[in-house]
1. Run the numbers for residue 62 and residue 143: contour at 0.36 nm per residue of separation, minus the present Cα-Cα distance, in nm.
2. What per residue convex hull volume, in Å³, comes out for the chain when only alpha-carbon positions are used?
3. Among DSSP bridges having both ends in segment 92-167, what percentage is antiparallel? Round to the nearest 5.
4. What percent do you get for the relative contact order of segment 1-50 when only Cα pairs under 8 Å and 6+ apart count?
5. Please give the contour-minus-distance gain from residue 16 to residue 32: 0.36 nm per residue of separation, less the Cα-Cα distance, rounded to one decimal in nm.
6. Work out how much length residue 40 to residue 202 would gain on full extension: take 0.36 nm times their residue separation and subtract the Cα-Cα distance, in nm to one decimal.
7. Rounded to whole Å, give me the distance from the Cα center of segment 150-208 to that of segment 1-25.
8. Roughly what % antiparallel, to the nearest 5, for the DSSP beta bridges in segment 4-194?
C-alpha cells in the first residue's frame, strides 16, 4: 500500500478538535472494512511542531509532536488547525516559513477553523475562495482583502487548497480528503465507523 503521509501542525493554544478530528478520520480510514483490525490506514498521520517539547492545547491537553519543522519528512497532505494560538502563530516567522516551504510540494494543503489565518498571512490564499470560523470571517476579510471570503460554505476547495469552518468542520474536511483519495464509498464507511453523519450538504451550519 502506498500510504499518504499527513502532517498536522500543532502549536500552543491549538483547539483540540481542530487537530484531533482530522487525526481520527485519517487514522481510522480503511480500504477494506472487513479487515479493519488487520490492515493499516492508507494515511500515515504525524504531528509536527516548531519544537520537540509537548504542546499545551487551548483546553490544557498536552500533546507530544512526532517531528519538528526542521526534521519533518516529506508530506503529501499538510493540515493547519486553528484555535486561539493562531493569533500568535500568524506572526511567527518560523511557522510561516514552514508552511510556505511545504506548500509547493504537498498534494493537498488544508486548514481547519482559524488555521486559515495562518495560510492567509503566508499569502497562500490570495485570489482564492476561503472560509474560517464564523466568528473570524470579518477578521479574515479585513486582514486579507485579496481573499474571497466564503460565508456560506462549510468546506471550501480551491484547487489543492481546502479551508473549513470552525472546529468540527475539520472532520468534514478530512472526510472530503478521504473521498478525494479513496472514493466516496470509503469516506462514507469511515464516517459510519466513527458514527458521524457523512456530509450531504456543504451549507454552513451556523446562521450568520
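1. Values: separation 81, 0.36 × 81 = 29.16 nm, distance 3.07 nm.
In short, 26.1 nm is gained.
2. Working: hull volume 24.1 nm³, N = 208.
Taking only Cα atoms, the chain has a hull volume of 116 Å³ per residue.
3. Numbers: 4 of 9 bridges.
Roughly 45 percent of the beta bridges in segment 92-167 run antiparallel, per DSSP.
4. Working: 57 pairs, mean separation 28.2, N = 50.
Taking the mean separation of contacting Cα pairs over the length of segment 1-50, I get 56 percent.
5. Values: separation 16, 0.36 × 16 = 5.76 nm, distance 2.89 nm.
Gain on extension, residue 16 to residue 32, equals 2.9 nm.
6. Working: separation 162, 0.36 × 162 = 58.32 nm, distance 2.95 nm.
Between residue 40 and residue 202, full extension yields 55.4 nm more.
7. 15
8. Numbers: 6 of 26 bridges.
Here the share of antiparallel DSSP bridges comes out near 25 percent.
Each value in this text was obtained by applying a stated rule to the coordinates, not by laboratory testing. As the structure is a computational prediction, the values presented were derived from the model and not from experiment.
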